[in-house]
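One structure is given here, and the rest of the page talks about it.
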Amino acid sequence: MVALLKPAVLLEGIHSTEPVAGLTHNFYRYPARFSPQFARVIISEFTRPGDWVLDPFMGGGTSLVEACALGRNVVGCDVNSLAVFVTKAKTSILSESDLSVVARWFHAFLEESNLRKRLEESTPLAESQKNLRTRRTWHMRKLLAIALQHVQSLGLARQRRFARCVLLRTAQWALDCRSEIPSAADFRCQLVEHLQEMSQGARQFAYAVAHVSCVHGLKDVSKPICIRRSAIGIESDRRICALPRPKLILTSPPYPGVHVLYHRWQVLGRRETPAPFWIINSKDGLGASFYTFGDRKQSSLASYYSTAAEAFKSLAKIAGRDTVIVQLIAFSDPSWQLPAFLGVMQDSGFSELRLPTLANAEDGRVWRLVPNRKWYADQRGVLSSSKEVVLFHRLQ
């Protein structure tokens, strides 16, 4: 299949600077997500309808959404319960009836959300409200608490998940990296706007899945599988073992030496809050190193590479001879971190595929500037971490 690739099409998708939009991609701004255009072109070029695609570090689920819309079978996993929740929300098929039920629920909530009303709060997940119990954020915390207290009245799991995701997105807008917290009235208005936008995205996604199934006569495509687990030991997971070997492994693993906050929001400066886990009704309590292959402050990044080696050795055991693994990754210092990463891939049983028709650098690889890090590049020059490289591998 590599010989049949269309270089111009691939390069256009890889270097796309279009904003993240369409389908359900804007349900939540998950950190370090890659562009839908990139995922779409890689899946289109390396697989066919009905093939299996795996993303072992699925994050916000971009690859799973695009795989579903292209008629592929897809499975993703991540150690972060927030990633699993968001991906499930983005890949759930919602009917018009589902959307109407959730819309009526939200309008009822908005009419009844009286900030002066005494609220009896339960203690579970109270630790996830850290840094929200302040004079400047109390109204936001109370609005969310009122909504979350009544979300269980929605009858179906997919409806509750969608409602929580609307709350999650709006709370992220209101709290994350904000120096000023919006008023309760502004929050309510934004909630309605997000509900409408996300409902339209859900309709687009449902139509895309139905359309591709009809066009290609796909009767055996399964629902996307989202699993909370590490890629390490994935070859022993019965849910994975029961599936055909993936034709494509498309992923973006944690970036060595690059700071990304996957599990917290920053409120009023650099005060971290695990509020996303409160909203999705999941415990967290895990440090940043859990999500990033180890402590990134270590100059050698020894724990990063040893953990990465375990993960990719497991992936090699479930890959087939015709599986292609495509990764998007950045480095704080590519001069030594990239060779070390390539060494991990080789020791794990993978050989790098060089595609000369795609290369745009002296090292014969495909590098791209990261659109959503443009501000940092403008302020501090073109940082190493503002450039990503696309790596192609196969089993040795």
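The values are calculated or read from the model by the stated rules, or taken from the named source; none is laboratory data. Computed from a predicted model, the values in this text were never measured in an experiment. Cβ placement follows ideal geometry from the backbone for every residue including glycine, while neighbour counts extend to all protein chains displayed.
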Within the stretch 241-289, of all residues that are farther than 27 Å from Arg158 by Cα and of a type in the set (D, E, K, R), the one surrounded by the fewest Cβ atoms within 10 Å (Cβ to Cβ) is Arg270
- Query: Gly233: more than 23 Å from Val65 (Cβ to Cβ) and in contact (Cβ under 8 Å) with a residue 60 or more places away in the chain, yes or no?
  - Reply: yes
Picked from the stretch 23-56 (must be outside any helix (DSSP H, G or I) and of a type in the set (Ser, Thr, Tyr)), the residue farthest from the chain's Cα centre (by Cα) is Thr47
With respect to Ser213, is the statement that it is in a loop (DSSP other than H, G, I, E, B) and surrounded by fewer than 21 Cβ atoms within 10 Å (Cβ to Cβ) true?
no
_Given the criteria assigned by TED's automatic domain parsing to the domain that holds Lys247, touching a residue at least 24 places away in the same chain (Cβ under 8 Å) and within 15 Å of the chain's Cα centre (by Cα), does Ser63 qualify?_
yes
Sole miss for Gly59 among (1) part of a loop (DSSP other than H, G, I, E, B); (2) modelled with pLDDT of 95 or more; (3) buried (at least 24 other Cβ atoms within 10 Å of the Cβ) is condition (2)
Worksheet item: Can Ser128 be described as at pLDDT 95 or above, outside any loop (DSSP other than H, G, I, E, B) and out of contact with any Cys (no Cβ under 7 Å at 6 or more places or on another chain)?
Response: no
For the stretch 298-326, the count of residues that are surrounded by 21 or more Cβ atoms within 10 Å (Cβ to Cβ), outside any helix (DSSP H, G or I) and at pLDDT 95 or above equals 5
Within the stretch 170-189, of all residues that are in a helix (DSSP H, G or I) and in contact with a Phe, Trp or Tyr (Cβ under 6 Å, 6 or more places away or on another chain), the one nearest to Trp105 (Cα to Cα) is Ala174
Reported set for the stretch 327-352 where residues are assigned to a helix (DSSP H, G or I) and either small (Gly, Ala, Ser) or closer than 17 Å to Asp55 by Cα (or both) is Ser335, Ala340, Gly343, Met345
When Ala231 is run through (1) surrounded by fewer than 20 Cβ atoms within 10 Å (Cβ to Cβ); (2) not in a helix (DSSP H, G or I), the failure sits at (1)
If we ask which residues in the stretch 50-78 are of a type outside the set (S, T, N, Q) and under 21 Å from Arg203 (Cα atoms), their number turns out to be 12
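A quick yes/no check of all residues on (1) closer than 30 Å to Lys142 by Cα; (2) of a type outside the set (Asp, Glu); (3) in contact with a Ser or Thr (Cβ under 6 Å, 6 or more places away or on another chain):
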residue	(1), (2), (3)
Gln152	yes, yes, no
Arg158	yes, yes, yes
Ala163	yes, yes, no
Thr170	yes, yes, no
Ala174	yes, yes, no
Glu180	yes, no, no
Arg188	yes, yes, no
Gly201	yes, yes, yes
His216	no, yes, no
Taking first residues from the stretch 181-205 that are closer than 16 Å to Ile146 by Cβ and touching a residue at least 24 places away in the same chain (Cβ under 8 Å) and second residues anywhere that are not in a helix (DSSP H, G or I) and not β-branched (Val, Ile, Thr), the pairs with Cβ under 9 Å that are 6 or more apart or on different chains are Ala184/Ser113; Ala184/Leu115; Arg188/Ser113
The residue from Phe106, Phe162 that alone is modelled with pLDDT of 95 or more, more than 25 Å from the chain's Cα centre (by Cα) and crowded, with 18+ Cβ neighbours inside 10 Å is Phe106
